[in-house]
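First up is the structure itself, then whatever we jot down about it.
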Amino acid sequence: MFLFYFCEKHLKGRAKIDDIERTMARDSIDIDGYTIIKKLGTGARTTIYLAREDSTGNRVALKQAILECPEDTRIFEQMESEYRVARQLDHPYLRKCFEIIRIRKLLRTTELYLTMEFFDGQSLEDQQRLSLGDVLLVFRMVAIALNAMHEKGYVHCDIKPNNILFSPKGAIKVIDLGQSCRLGEIKKRIQGTPDYIAPEQVRREHLSHRTDMFNLGATMYWALTGKNVPTLIPQKNEYGMVLQEDNQVLKSPHEIYPKIPKPLSDIVMECVQDKPSDRPSNMGEIISRLDTMIREIFGSRSPNNAPAKHTTLS
């Protein structure tokens, strides 16, 4: 049976600021200008809190990193980079960053805080099954966000299911600009997520708008099939051992699940080509092709960004 492969976790509603939240926050951090409401989660050596800015009353997401070992300086660098890049962008599908706060001891930054736009949603990885129309709309919005970054001269470099937030009302936010860089940059070290990383990221070549295309295509492949596109970083098992590559030709999504439209499958496969020059020319081309498929599904109606009420293909 064909299923769009999304985890079946139910989206929790937004909690109100009340005495219960204040009780939960007693063991949390204390930072001037903000009242911590609750802990939202943890990332790679970071912790995210829901906070209220005292001067405005606005809710924000507050990311915290603490210098505990030399490797933590990389987290600091990524947070500083995220802040710098986000401040150059202003788009409804890209999460905004407002302030960076440095806590210093003996002239050394030992804690770093980044205040960001709070978005009430879960990652794409944690979503319920979505219809074909929903999938097209979500990735159209992601492509629009990436296109906005490219127009400003930046590459995201880490598009993956966990970096696409999805709200109950169908809105999306592309998050985590910590690995973003200028178009054409060559990074000093390999950065990216192994299951979605582009070949040029591993080879430490020039990064371009087509790098985001590979990341996007690999994410779409996962969303449609539940499988990952092989990358130049070998997969490892739970014991840290490198898994054997099967040397099989990567199957197109529609070959795995015939009910996936071939035009959509073609977009995905073009995006994950090894050579950047073999991928689509720009993100605008991908948006246009997705728009064509959306019009076919929605008929004469003008599609908006809200999820469609279609059943999942099966």
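A short reminder: the numbers here are calculations on the coordinates, not readings from a lab. Predicted model only: the values in this text are computed from it and were never measured. So basically every Cβ, Gly included, is an ideal-geometry build from the backbone, and we count neighbours across all protein chains shown.
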Note to self: Can you pull out the trypsin sites (Lys or Arg not before Pro) in the stretch 174-212 whose DSSP state is coil and whose Cβ has at most 11 other Cβ atoms within 10 Å?
What the structure shows: Lys188, Arg189, Arg203
Item checked: Under 12 Å, Cβ to Cβ, from Glu185 - net charge with Lys/Arg +1 and Asp/Glu -1 -> +2
Next item on the list: Using only alpha carbon pairs under 8 Å that are at least six residues apart, calculate the relative contact order of the stretch 19-117 and give it in whole percent.
Entry: 20
Note to self: Limiting things to C-alpha atoms, what are the Rg and the maximum Cα-Cα separation (Dmax) for the stretch 39-80, in angstroms?
What the structure shows: 12.1, 36
Note to self: For the stretch 191-212 and the stretch 273-300, what is the centre-to-centre distance using only Cα atoms, to the nearest Å?
What the structure shows: 20
Check: When ranked by the protection proxy of mean other Cβ atoms within 10 Å per residue, highest first, what sequence do the peptides 143-156, 281-294 form?
Finding: 143-156, 281-294
Notebook entry, point to check: If you take the beta carbon distance between Ala44 and Lys259 as r and set R0 to 41 Å, what does 1/(1 + (r/R0)^6) give as a FRET efficiency, to the nearest 0.05?
Noted result: 0.65
Next item on the list: Indicate the gyration tensor shape class of the stretch 19-117 (rounded, prolate or oblate), computed on the Cα atoms with a ≥ b ≥ c the square roots of the eigenvalues: a/c under 1.5 is rounded; otherwise a/b larger than b/c is prolate and the rest oblate.
Entry: oblate
Note to self: Please compute, for the alpha-carbon atoms of the stretch 122-298, the extent along each of the three principal axes and give them in descending order in Å.
What the structure shows: 45, 39, 32
